[in-house]
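Worksheet: one structure, shown below.
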Amino acid sequence: MQTRLARPFRPIELGPETLEFFPLPALAEGLTGEDEYARSGVSAITLARDEHVTLVLVALRKGALMRPHRAPSAASVLLLSGRVKFLGGDGAGTDLEPGFLAAFSGDVPHAVEAQEDAAYLVVIGGRRRGKQDARGDRAPSREGGPDGR
């Protein structure tokens, strides 16, 4: 079980028979003690990953903004503590409280603004969208996997 942060932290590489546990509240608390959090109000760490999923824990200080961006594939944000405003690409926002989940496709621009100190888990996964050619058809993956990876 990962019980504390030590930098540099290496994400758990998920493989056959991997089973790992993360005390998310304690790890989020650890993020608030990092230099980056003191400077910008944002600190994050990738906990685990494989070719299908990436798990990222994020801590935001009240007033901090995770700037607008897009996920590389479908993703979700599960708020663990605090309150945030989840902003879509059109600028419209939805207030999230602990236990709320936002799920979205990778082509959705979004940002997260902390209304109070907050922590959330980001789960990025699913199939990546293929690049489209001039006709709008999906280009074949160079890596040859059936899911475009």
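The values are calculated or read from the model by the stated rules, or taken from the named source; none is laboratory data. It should be emphasised that the depicted structure is a prediction, and the values quoted were computed from it without experimental measurement. Every residue, glycine as well, gets a Cβ built from its backbone with ideal geometry; the counts of neighbours run over all protein chains shown. The area values use the complete protein model at the heavy-atom level, side chains included, leaving out ligands, DNA and RNA. Shrake-Rupley method; radii C 1.70, N 1.55, O 1.52, S 1.80 Å.
Give me the one-decimal nm value for the distance between modelled label points at PHE9 and ALA26, 7 Å along each residue's Cα-to-Cβ direction.
Roughly 1.3 nm, to one decimal.
Starting at 0 and stepping by 10 Å, how many percent of the alpha carbon pairs of segment 27-82 end up in each bin?
Result, from short to long distances: 20, 52, 26, 2 percent.
Could you look at segment 10-56 and say what percent of its accessible area is carbon and sulfur, using a 1.4 Å probe and all protein chains?
Values: 1540 of 2840 Å².
On segment 10-56, the fraction of accessible area on carbon and sulfur atoms equals 54 percent.
Rounded to the nearest percent, how much of the accessible area of segment 72-130 (1.4 Å probe, protein heavy atoms only) is carbon and sulfur?
Details: 1480 of 2860 Å².
Of the solvent-accessible surface of segment 72-130, carbon and sulfur hold 52 percent.
How would ASP95, ASP90 rank on accessible area, largest to smallest, probe 1.4 Å?
Highest to lowest solvent-accessible surface, that is ASP90, ASP95.
Find out how many positive minus negative residues lie around LEU55, taking Lys and Arg as positive, Asp and Glu as negative, among other residues whose Cβ is under 15 Å from that of LEU55. The partial results should precede the final answer.
Working: positive: ARG10, ARG49; negative: GLU13, GLU20, ASP50, GLU51.
Counting the neighbours of LEU55, the net charge comes to -2.
Just need the relative contact order of segment 1-67 here, percent rounded to a whole number, with Cα pairs under 8 Å and 6+ apart. Don't skip to the end; give the middle numbers.
Values: 93 pairs, mean separation 20.8, N = 67.
In percent, rounded to a whole number, it is 31.
Distance from a point 7 Å along Cα→Cβ of ASP50 to each backbone N in segment 81-125: keep the residues under 14 Å and list them by number.
Counting backbone N atoms under 14 Å from the label point, the list is 125.
Please work out the C-alpha center-to-center distance from segment 76-103 to segment 1-50 and express it in whole Å.
Taking the Cα centre of segment 1-50 as reference, the centre of segment 76-103 is 21 Å away.
What would the Debye equation give as log₁₀ I(q)/I(0) for segment 1-104 at q = 0.11, 0.16, 0.17, 0.21 Å⁻¹, counting only Cα atoms as equal point scatterers?
-0.37, -0.81, -0.91, -1.33
Which loop chymotrypsin sites (Phe, Trp or Tyr not before Pro) in segment 1-101, with loop taken from DSSP, have no more than 12 other Cβ atoms within 10 angstrom of their Cβ? Could you put the intermediate results ahead of the total?
On the way: sites: PHE9, PHE21, TYR37, PHE86, PHE100; in loops: PHE9, PHE21, PHE100.
For chymotrypsin sites (Phe, Trp or Tyr not before Pro) across segment 1-101 that sit outside H, G, I, E and B with at most 12 neighbouring Cβ atoms in 10 Å, the list reads PHE21.
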